[in-house]
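Working notes for the structure below.
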Ligand code: ADP
């Protein structure tokens, strides 16, 4: 099929920052795009060919949108999967598939999938209601501590809570959840796997999330991860095994825990471009967004090697600031070597809202890490 400068239409469900960065690539290739998002101020609005405002969870809205395009993809998992299934029956190509999305959308079915495929993940139990957790604790069937996760609609840690005492269960949503073994991990790693429908597969280098020592928040994504060659190879192997089990098309970001005794456990996957791959825009031969496009259009996959060491710092809204956003000291960080800010285009900041990110590239990863810390200490997202 001719995608370039043609009548071909790629539909994208979700018009947030991931969609916006994907659209930089469709613009580069002159591929037509239609975007559906609930917000009239979606970051993707300015870069697509046609924008549709509507509810991503509504069957008719998603179905009617999908009927107008040739290939449909998404940048967010919370979309109406029944509509995707019907579109597939109607002959629209949906990548990643509705089947995989259905498994991934629910953390319990996702974990069961790893068990069924003999893939390593932490032990867990599934509960239909929060009250069943309380019962399980009182009758000795479940031991503290554990990690509570709501099975659906969590994002960026909103559906996750460490439960150390019974008090920690107060005020949690009452619905379906899992209780996961608390993993004593050394670090969190991620591997992005790209696969097209012809079955070509490529993996990006393993990245590492460096946490703030007190706030327990990811501060830096570091590429390549500072781990031994043999652990990196093992992480790639696990990610490839996950990719094979899903038989997915598009990108699959596989998040892993590296435990204190060097075991790798799958935390979860995202079937789309991912926060752990943003540094690929500046640091890699092929950015994750171009790669996602190549994969869903069954084009040859691009080289995944890095040109330089890359570090990504998220720009989140500072605490105590809500309102029209100001990027304080952005000029100062732009004077630093190898620093590129990405501003997502959200006009309003809120505490911890993801507003942008900054990439730092350098031939020397230690130097990049030092500059990343200066970036982190200089720029502030305020109002
Ligand atoms: P989300 O889907 O919101 O990103 P995750 O399942 O990735 O949620 O969990 C968010 C964070 O919580 C992880 O990055 C990790 O730091 C921590 N976490 C999640 N599960 C566990 C676990 N079983 N043991 C220890 N920490 C965990």
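The values are calculated or read from the model by the stated rules, or taken from the named source; none is laboratory data. Please read all numbers here as calculations on a predicted model, not as lab measurements. Here the Cβ is made from the backbone with ideal geometry for all residues, glycine too, and neighbour counts use every protein chain on show.
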When residues of the range 161-185 are limited to those that are within 8 Å of the ligand (Cβ to nearest atom) and loosely packed, with under 15 Cβ neighbours inside 10 Å, the one farthest from residue 218 (Cα to Cα): 182
Flag if residue 362 is in contact with a strand residue (DSSP E or B) (Cβ under 7 Å, 6 or more places away or on another chain) and buried (at least 19 other Cβ atoms within 10 Å of the Cβ): yes
Complete set of residues in the range 186-222 that are within 12 Å of the ligand (Cβ to nearest atom), assigned to a loop (DSSP other than H, G, I, E, B) and either out of contact with any strand residue (DSSP E or B) (no Cβ under 8 Å at 6 or more places or on another chain) or at pLDDT 95 or above (or both): 215, 216
Scope the range 256-275; condition touching a strand residue (DSSP E or B) at 6+ places or on another chain (Cβ under 6 Å) and within 22 Å of residue 182 (Cα to Cα); matching residues: 256, 257, 258, 259, 260, 264, 265, 266, 267, 268, 269, 270
Count of residues meeting criterion [surrounded by fewer than 19 Cβ atoms within 10 Å (Cβ to Cβ), in a helix (DSSP H, G or I) and in contact (Cβ under 8 Å) with a residue 40 or more places away in the chain] in the range 2-54: 4
Selection from the range 76-128 of residues that are under 15 Å from residue 180 (Cα atoms) and outside any helix (DSSP H, G or I): 106, 120, 121, 122, 123, 124, 125, 126, 127, 128
Matching option when the condition is farther than 12 Å from residue 11 by Cβ, away from the ligand (no atom under 16 Å from the Cβ) and either more than 23 Å from the chain's Cα centre (by Cα) or at pLDDT below 95 (or both), among 134, 77: 134
Residues of the range 230-263 that turn out to be over 18 Å from the mean Cα position of the chain (by Cα) and within 19 Å of residue 311 (Cα to Cα), as a count: 1
